[in-house]
Amino acid sequence: MNCGVGSWYVYGDTSPAPAMVTPPFSSVMPFTSSMPGNGGSGYAAHVNGSGYAIFGLGLGVNINSMGTTIKPYNASTYAGVTFFAMGTSTATEGTNMVRVSIPTVSTSSVANGGTCVQTATGYCDGHYGKVIALSATWTKVTVLWTDLTKDPNAIGGVFDPGSMIGVHCRWAVRRPRRPPRGRRRHECLDRRPRLCRY
């Protein structure tokens, strides 16, 4: 299945000392479309950064969006998502670990295509996800819906693959606390994630 109408983006926090963040935070942060991708051909999205201290740095793809309009996709007939990833990381999830999360309408803020409204005790955009291990070579990763758990302190409804917005890879420091900063260097993802049936 090829959704085909999504957009790639990088996001990160502003941190207490924005001058320490690499690359500098902006509303549209760049990533490198590097070659080769998995199998020695094609492209991969390459991101790197350091100095993040609030929630970290991430790479995302919306699978059913056009311009600034973000729409959900009904992925309820699928069991999960599969992609290839490689890289290194030092962050609060552990050495060479990254959290893969699946934004949905109920966990996403209104600005990100959802219905979630932040409260005094919880935050939006803390999506259901799974921590995976990165390696030095391209490795096939499959994340099943049944593997997903909610981000701590996040609000929003139960996980609903019928309202899937996209896929995130996040090299994180946990929200809303501020643990020591981590350095992240990584390659993720190779081409577009594919939904999978089992």
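Listed values, structure above:
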quantity: Some residue of the range 87-100 being in contact with a helix residue (DSSP H, G or I) (Cβ under 6 Å, 6 or more places away or on another chain), crowded, with 16+ Cβ neighbours inside 10 Å and at pLDDT 85 or above; calculated: no
quantity: Which numbered condition GLY56 fails, given (1) over 16 Å from TRP8 (Cβ atoms); (2) more than 16 Å from the chain's Cα centre (by Cα); calculated: (2)
quantity: Hits in the range 109-126 - residues which are in a loop (DSSP other than H, G, I, E, B) and surrounded by fewer than 19 Cβ atoms within 10 Å (Cβ to Cβ); calculated: THR115, VAL117, GLN118, THR119, ALA120, THR121, GLY122
quantity: Filter pass, PRO193 being of a type outside the set (A, V, I, L, M, F, W, C), modelled with pLDDT of 65 or more and more than 20 Å from SER89 (Cα to Cα); calculated: no
quantity: Search result, residues across the range 149-178 that are of a type in the set (A, V, I, L, M) and modelled with pLDDT under 85; calculated: ALA172, VAL173
quantity: Matching strands (runs of 3 or more DSSP E) fully within the range 25-85 where at least 3 residues are at pLDDT 85 or above and within 30 Å of GLY122 (Cβ to Cβ); calculated: 57-62
quantity: Evaluation of ALA111 against (1) closer than 20 Å to TYR9 by Cα; (2) over 17 Å from the mean Cα position of the chain (by Cα); (3) without any contact (Cβ under 8 Å) to a residue 24 or more places away in the chain (one fails), failing number; calculated: (2)
quantity: Among (1) modelled with pLDDT of 85 or more; (2) surrounded by 16 or more Cβ atoms within 10 Å (Cβ to Cβ); (3) within 16 Å of the chain's Cα centre (by Cα), the one test that SER106 misses; calculated: (3)
quantity: Every residue from the range 131-153 that is closer than 21 Å to PRO36 by Cα and in a loop (DSSP other than H, G, I, E, B); calculated: LEU134, SER135, ALA136, THR137, TRP138
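The values are calculated or read from the model by the stated rules, or taken from the named source; none is laboratory data. Please read these numbers as outputs of a predicted model, since none were measured by experiment. No Cβ is skipped: glycine too gets one built from the backbone with ideal geometry, and neighbour counts run over all protein chains shown.
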